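Notes follow once the structure below has been shown.
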Amino acid sequence: MTLPSLLRRTVAVAAPAIAGAVLLAAPSSPSQAQGAVSEVLPGYWEYTTSAVGIRSTETKCVRPSEINRFFGGLSTRRWQCVYPTRVVGGGTARFEGTCTDPRGRRVNVRLGGSYQQENFRFTGGAQLARGTPYLPASITARRVAAVCPADAEYF
């Protein structure tokens, strides 16, 4: 198998999972986003992720204690992410770092965009291997309500 075909196959198989992980990655530590608590509100949120042609929309109830993790780049149990570059303030945010899965696979991550108290939009992507292009990805979120429905799934 040639290197280009191997790379295409790897991207085709791994891209959806990696792009999802990028969009659902946890911040390196809650203390890095202290300003986010007062800027982005807890409540019932709807968010749409889009990566390599795959689009998914979910709703979650976000408690005040979870807002840093939610705003900092949604979390997942499968990927552990660290963002050495995390700049949040004045309605814009930028995150750069790496995500690693339980098998030790690692991807570089870049996300950035604008936010308000009840919505945000980040675009960017993930780099599967050093020297390869970043695969595009985005997350758009909006606060649907201040109070969560009784049957809401919690973040």
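The values are calculated or read from the model by the stated rules, or taken from the named source; none is laboratory data. All values derive from a computational prediction rather than experimental measurement. Backbone-built Cβ (ideal geometry, glycine too); neighbour counts: all protein chains shown. Note: accessible area is taken over every heavy atom of the protein model, side chains too, but ligands, DNA and RNA are not part of it. Shrake-Rupley method; radii C 1.70, N 1.55, O 1.52, S 1.80 Å.
Residues considered: R86, R55, R77. Of these, the only one that is modelled with pLDDT of 80 or more, open to solvent by 80 Å² or more (accessible area, probe 1.4 Å) and basic (K, R) is R55.
Checked against the criteria, P102 counts as open to solvent by 90 Å² or more (accessible area, probe 1.4 Å), part of a loop (DSSP other than H, G, I, E, B) and either farther than 24 Å from R55 by Cβ or among the basic types (K, R) (or both). Residues in the range 89-99 that are farther than 18 Å from F70 by Cβ, touching a residue at least 12 places away in the same chain (Cβ under 8 Å) and open to solvent by 50 Å² or more (accessible area, probe 1.4 Å): E96 alone. Exactly one residue out of E153, E118 is touching a residue at least 40 places away in the same chain (Cβ under 8 Å) and surrounded by 14 or more Cβ atoms within 10 Å (Cβ to Cβ), and it is E118. Looking across the range 126-141, the residues that are assigned to a strand (DSSP E or B) and either without any contact (Cβ under 8 Å) to a residue 12 or more places away in the chain or more than 8 Å from L111 (Cβ to Cβ) (or both) come down to A126, Q127, L135, P136, S138, T140, A141.
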